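Everything on this sheet refers to the single structure shown next.
Just so it is clear, none of the values below were taken in a lab; they were calculated from the coordinates. These numbers were taken from a predicted model, which means no experiment stands behind them. All Cβ positions, even for glycine, are placed from backbone atoms using ideal geometry, and neighbour counts span all protein chains on display.
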Amino acid sequence: MNDDRYGAIKCSKRRSSKGRWGEADLANPDFPALARAFGARGEPIASVDALGAAIGRALEPDRPTVLELRMTIDPPWEL
């Protein structure tokens, strides 16, 4: 899951630093392109509904696969 803003790190910093945080507003790379640059498969996933089929495709090739599901989720998360 890619929240495109290092949200988990920012949440952790806020919790451990009495609400202060820094260096957490960063931009993520294009993870599928980065995977391809290293010889792996890289595939963006359009929605949670498409995840099952994407996992099936990811298990077929003989090389690693990076699946990227962009989501807007504000931490803290309830798991």
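Numbers below:
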item: Rough spin-label spacing in nm, given labels placed 7 Å along Cα→Cβ, for ALA50 and SER16; result: 3.5
item: Rounded if a/c under 1.5, otherwise prolate or oblate - region 23-73, Cα gyration tensor axes; result: oblate
